[in-house]
Every structure is written in C-alpha cells, then in structure tokens.
Amino acid sequence: MRSDRSATTGHERRWRKLETIEFDVVIIGGGAAGSVVASRLAADPDVRVCLIEAGPFGAEGERLPHPRNALKTEFDYDHPITSQIRGNSYVRHSGLSFRDCGFLPPPDDFTAWVAAGATGWSYDAMLPYWNRLAPVAASDRSPLAEDFVAACRTALGVPIRDDFNDGPFTDGAGFLPALAVPPSPDRDRPNLTILDETRAEHLDPSRGVTIRGDQLIRARYEYVLCAGAISTPILLLRSGIGPAAHLESDLGFEVRADLPGVGEHLLGHPASLIVWEPARPIPEADTAAGLFVRRDPALTGPDLAFRLSRTPGEITLTSAVPRPRGAGRLRLSGADPWGKPVLEQHPEAYDERTLVDGLRLAREVAATEPFASWITREITPGPELRGDDELAAYGRAAHHREQHPAGTCRIGAVVDPELRLHGFDNVRIADASVFPEMPSVDPAATVLMVAERAADLISQSFAAEKGQSSVAGNESKREGEQR
Ligand SMILES: Cc1cc2nc3c(=O)[nH]c(=O)nc-3n(C[C@H](O)[C@H](O)[C@H](O)COP(=O)(O)OP(=O)(O)OC[C@H]3O[C@@H](n4cnc5c(N)ncnc54)[C@H](O)[C@@H]3O)c2cc1C
C-alpha cells in the first residue's frame with residue numbers, strides 16, 4: 001500500500017462495532033496463505049479468529065482488484081531495490097496476492113527443503129496438501145499460444161505436455177495449469193472477524209498486535225504471520241525481532257530477540273524478457289503457455305522456464321531461472337514505520353548465463369513457424385544485440401524477479417519445522433517467507449500447501465491446548481468441589 005489505508009471511514013465503522021479485542025488466533029495478512037489459514041481455522045466454530053489485512057476485501061470476501069490489473073496502482077506495495085552494481089536497479093517486488101498458474105513442485109524441491117533443515121517437509125508429506133487444491137478447466141486457448149507451443153516443439157524438440165502437473169518433467173511446451181482460487185474467508189461466520197484496510201504495525205507476542213497507532217489485538221493462543229516474504233520480515237524487524245546489529249546500530253531499536261536470519265536469503269526467480277511487435281491483432285483468449293528446457297542433462301528437471309504473455313501491441317516471452325543460485329536480503333531503511341525496505345539482490349554468474357541462454361532460445365522459437373508469422377520484429381533487446389556480453393548486459397538491465405519473493409524467514413534459520421518463530425511459542429509464520437529454498441516452479445501452489453499444513457499444525461496444537469485447559473478446568477472444579 002502506498003498510503004495508510006487504515007484510517008478510512010469504512011474501517012472506523014467496523015472498528016466501533018468490534019466488541020472484543022481478544023481472539024484465540026490472530027492472523028496478519030489475508031493474501032494467498034492468510035486466506036487459507038483463516039478459512040480453515042474458522043471452520044471450527046470453537047476457534048475465534050481475527051484476520052488483519054492491509055488491503056480491502058470485496059463484498060463477497062474476494063480480494064480486489066485482480067492483481068494482474070493492480071500492478072502500479074495504489075494496491076501495489078511496489079518495493080524498490082537498492083542500486084545494483086551488476087543488475088537492474090529498477091526491480092520492483094510486488095506484495096500482491098495472485099493465484100493464477102499453479103504448479104506442483106517436483107520431489108527434488110522438497111528434498112532440498114529437508115536438506116536445508118525443514119524436517120518432515122518431504123514430498124510425500126506435502127502431497128496431501130496439493131490434493132486439497134483444485135485444478136481448473138482450461139479456458140479458451142489462443143491460437144497465438146497454440147502456434148507458440150508448436151514452434152517450441154519444432155525449434156527445440158521438446159515434447160508437448162497436456163498437463164504439467166501429472167508428474168515431474170524435464171522439459172516440454174504447453175498451456176500452463178491453473179488452480180482454483182482457494183476458499184475466501186467467510187465474513188458471515190460469527191467466529192471470524194476480518195479487519196481489512198488495517199495494517200499490523202507492531203507485534204509484541206506477550207501483549208498483542210498494534211493497529212492504528214494504539215489499538216491492541218490480542219491472541220490467546222497464537223499469532224500467525226502471513227504478510228508475505230517482504231512484509232513479514234518488515235513487521236518482525238519493526239517489532240525488534242531480527243539481526244541485533246541491524247536493529248541496534250542501523251535503526252536504534254530495542255532488540256526483543258536476536259534472530260540473524262530475519263530478512264536474509266531473499267529468494268526469487270530471476271527473469272528477463274524478449275518483446276516482439278505482433279504482425280496482426282492478437283485474440284483475447286488465454287495466452288498462458290509455457291516452455292521448459294533442460295540444458296544440463298544431469299538435472300532431474302528443467303533449468304530454463306519461459307512464459308508467453310501479451311499486452312496491447314506486444315508479444316512477450318519471459319525467461320526465468322527455475323533453480324537460481326543467487327539470493328538477496330531485506331533490511332529496514334530507517335525507523336520510519338512506513339519507509340520502504342532496502343532490498344538487495346546478490347547476482348550470480350550462473351543466473352546471468354541462464355538468462356543469456358534464455359534470450360537465444362527465445363529467438364530460435366520466434367524464427368520458427370507457425371509462431372514466426374505472428375511477429376513483425378523484435379522490439380527488445382533488438383536484433384542488433386547478439387554477443388554474449390551484450391545480451392548479459394541487457395539481461396541484467398531488464399532483469400526482474402517474477403514477483404516471487406520468498407525465503408526471508410526460512411524454516412531452520414527463523415522458524416522451526418512446525419513454523420514457530422524461534423524463541424516464541426505463540427508466533428508462527430505461514431507464507432512464502434518460510435521457504436528454505438526456492439521451488440523450481442511458480443510458487444503460489446507451494447504457498448497454499450504451506451498454508452494448509454500450517455492450518456493443520458495450528459488446529460492440532462489448539463485442540464491440545466484446549467484439551468489441557470479443559471482438563472485443568474475440570475481439575476480445579478473438582479478441587480473446588482472437594483473443598
Ligand atoms: C502480479 C503477480 C502475478 C503472479 N503470478 C503468479 C502465478 O501465475 N503463479 C504463481 O504461482 N505465483 C504468482 N505470483 C506469486 C504469488 O502471488 C505469491 O507467491 C503469493 O501470493 C505469496 O503468498 P503469500 O501469502 O506469501 O503473500 P501474499 O499473497 O502477498 O499475501 C500477503 C498479504 O499480507 C498483506 N499485508 C502485508 N503487510 C501487512 C501488514 N503489515 N498488516 C496486514 N496485512 C499485511 C498484504 O496486503 C497481502 O494481502 C504472482 C505475483 C504477482 C504480484
């Protein structure tokens with residue numbers, strides 16, 4: 001959000017109606033993960049849930065507007081990164097929620113998670129959460145995308161795939177799989193309070209979440225941070241939880257907990273793009289087609305991923321690094337509560353080389369029929385750029401992170417395998433920030449799987465806590481009767 005939307009009239013009205021400020025579970029962030037956690041927990045009428053979301057919810061509980069149309073509007077967090085020595089200094093990390101194309105990560109992705117310290121997060125353990133997500137039927141398919149897929153097969157010899165989610169794959173071209181939007185939190189549930197257009201400003205796990213300057217929202221059992229891989233570490237740092245040196249020396253904050261991993265290991269899918277001028281009008285139908293290539297035959301999956309899209313007057317092919325080797329980090333720029341964070345990207349030669357290969361392969365596909373006849377000319381990088389160094393320089397300048405930030409509060413360094421924040425037994429994190437490593441596929445489905453698992457973990461401990469308190473209650477009742 002560019003402005004503090006919490007001071008709206010709608011919010012004031014809702015706030016005055018709010019009778020309690022204590023809930024069983026308080027969830028911060030109602031994006032991809034937070035919506036799932038809130039829906040699942042509130043399905044139990046005995047759990048009183050509060051969801052705090054900085055953005056608006058629509059009348060039927062849907063987030064508005066569709067994120068594809070929200071980039072660069074007031075709904076876009078639009079986090080800039082710091083000036084880069086090698087790379088694009090105009091990268092924007094968006095904090096929008098979006099569930100469009102959805103991929104099941106291959107087994108190796110979860111093997112890497114377990115190796116990084118996420119004990120119990122194996123592929124087999126995660127598969128049931130994938131099975132809770134619903135694929136959606138293909139919509140009208142654009143002839144542009146059909147021709148792109150055909151040209152990929154002819155130019156690169158990759159197979160055409162009808163369903164990228166029917167098992168692990170090494171390469172292929174086809175239409176990208178879509179997932180049904182997960183259940184939206186149901187506003188009409190009496191045990192669910194949604195405070196939308198409300199920003200969580202500070203978290204003191206022993207007192208509560210501060211909103212609107214001085215209002216406290218307390219959780220009897222748990223706080224669940226679902227504000228995303230940029231805003232969750234921001235909230236922790238603002239609350240004095242993070243690397244002590246940064247908090248004390250750079251910001252002058254009191255340290256509540258020294259957790260050096262908060263904000264480190266900022267992951268994403270580095271990506272570059274090639275843009276063509278279309279030779280004829282592009283039909284409105286779905287252009288969501290993709291191409292996956294494995295350059296290194298020793299790998300079990302692709303090492304280059306492409307996505308076709310269209311904007312008025314342009315056909316774009318984005319090429320991304322599925323298994324990036326570079327990472328970045330997030331820091332606060334100062335004590336100003338609404339100041340932009342400092343996001344650094346640490347470039348890596350492998351990632352850069354992959355983007356150059358991607359541009360070259362994209363040109364091969366563009367020169368192949370039936371796709372070639374859709375294109376008049378290459379707009380960018382432009383046909384004159386051919387050498388490795390020139391393409392690498394372009395790749396760095398046009399490079400972005402695919403709006404897939406992750407890893408800034410990862411399992412192992414910041415939370416334990418049950419997603420509990422180290423040092424606090426009443427705070428969990430459940431969003432893309434807990435990814436120990438970047439999934440090799442688009443992350444939204446993995447976020448939803450993490451959220452489903454988080455909801456299970458929270459429900460289990462809530463049931464155990466309630467069992468204990470009712471046992472304790474019964475015992476004190478019995479003691480009372482005996483006296
Ligand atoms: C334009 C765009 C297109 C994308 N396309 C795809 C795609 O096709 N496939 C795919 O797999 N992934 C895609 N992604 C990535 C995907 O949307 C994210 O990986 C996913 O949404 C991350 O989920 P999350 O729950 O971690 O965070 P988010 O979904 O970002 O949710 C975080 C929520 O927390 C709220 N919030 C933040 N700070 C606060 C605060 N202080 N107090 C209260 N609320 C707060 C935010 O408003 C937001 O609603 C796309 C992302 C963007 C931006």
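Here are a few things to note about the model shown:
- The residue that is farthest from Arg132 (Cα to Cα), counting only those in segment 450-483 that are at pLDDT 65 or above and of a type in the set (Asp, Glu), is Glu465.
- Test result for Ser39, at pLDDT 50 or above, near the ligand (Cβ under 10 Å from one of its atoms), of a type in the set (Ser, Thr, Tyr) and assigned to a helix (DSSP H, G or I): no
- Residue among Pro337, Pro302 that alone is assigned to a loop (DSSP other than H, G, I, E, B), out of contact with any Leu (no Cβ under 7 Å at 6 or more places or on another chain) and at pLDDT 95 or above: Pro302
- Filtered by the rule that a residue be touching a Gly at 6+ places or on another chain (Cβ under 9 Å) and among the aliphatic types (A, V, I, L, M), segment 181-212 gives Ile194, Ala200.
- Residue in segment 439-449 that is more than 16 Å from the ligand (Cβ to nearest atom), of a type outside the set (Val, Ile, Thr) and modelled with pLDDT of 90 or more present: no
- Any chance Pro270 is over 18 Å from Gly29 (Cβ atoms) and under 25 Å from the mean Cα position of the chain (by Cα): yes
- Residue in segment 374-384 that is farther than 26 Å from Ala145 by Cβ and open to solvent by 10 Å² or more (accessible area, probe 1.4 Å) present: yes
- The lone exception for Glu254 - which of (1) open to solvent by 30 Å² or more (accessible area, probe 1.4 Å); (2) over 30 Å from Glu452 (Cβ atoms); (3) within 16 Å of the ligand (Cβ to nearest atom) it fails: (3)
- Filtering segment 139-170 to residues that are in contact with a Pro (Cβ under 9 Å, 6 or more places away or on another chain), within 25 Å of Leu448 (Cα to Cα) and touching a residue at least 60 places away in the same chain (Cβ under 8 Å) leaves Phe164, Asn165, Pro168, Phe169, Thr170.
- Count - residues of segment 410-437 that are farther than 13 Å from Gly117 by Cβ and open to solvent by less than 20 Å² (accessible area, probe 1.4 Å): 8
- Residue selection: Glu364 satisfies the criterion of being acidic (Asp, Glu), modelled with pLDDT of 95 or more, open to solvent by 50 Å² or more (accessible area, probe 1.4 Å) and not in a loop (DSSP other than H, G, I, E, B).
- None of Asp286, Asp303 is within 26 Å of the chain's Cα centre (by Cα) and under 20 Å from Ala138 (Cα atoms) except Asp286.
- Extreme residue, nearest to the chain's Cα centre (by Cα), among residues of segment 183-219 that are of a type in the set (Gly, Ala, Ser) and open to solvent by less than 60 Å² (accessible area, probe 1.4 Å): Ser184
- Single residue of segment 220-238 satisfying the filter (within 16 Å of Trp338 (Cβ to Cβ) and β-branched (Val, Ile, Thr)) that is surrounded by the most Cβ atoms within 10 Å (Cβ to Cβ): Ile234
So that you can scan it fast, the table gives a plain yes or no per residue for (1) touching a helix residue (DSSP H, G or I) at 6+ places or on another chain (Cβ under 9 Å); (2) surrounded by 15 or more Cβ atoms within 10 Å (Cβ to Cβ); (3) closer than 25 Å to Pro107 by Cα:
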residue: Pro281; (1), (2), (3): no, no, no
residue: Glu284; (1), (2), (3): no, no, no
residue: Thr287; (1), (2), (3): yes, yes, no
residue: Ala298; (1), (2), (3): no, no, yes
residue: Pro324; (1), (2), (3): yes, yes, yes
residue: Leu330; (1), (2), (3): yes, yes, no
residue: Pro341; (1), (2), (3): yes, yes, no
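- All told, Gly263 falls short of being at positive phi and more than 22 Å from the chain's Cα centre (by Cα).
- Taken together, Gly208, Gly228, Gly242 contain a single residue that is in contact with a helix residue (DSSP H, G or I) (Cβ under 9 Å, 6 or more places away or on another chain) and more than 9 Å from the ligand (Cβ to nearest atom), which is Gly242.
The values are calculated or read from the model by the stated rules, or taken from the named source; none is laboratory data. Only a predicted model underlies this, so the values are computations on that prediction, with no experimental measurement involved. With ideal geometry, Cβ positions are generated from the backbone for all residues, glycine too; neighbour counts draw on all protein chains shown. Keep in mind that these areas ignore ligands, DNA and RNA; they rest on the heavy atoms of the full protein, side chains included. Shrake-Rupley method; radii C 1.70, N 1.55, O 1.52, S 1.80 Å.
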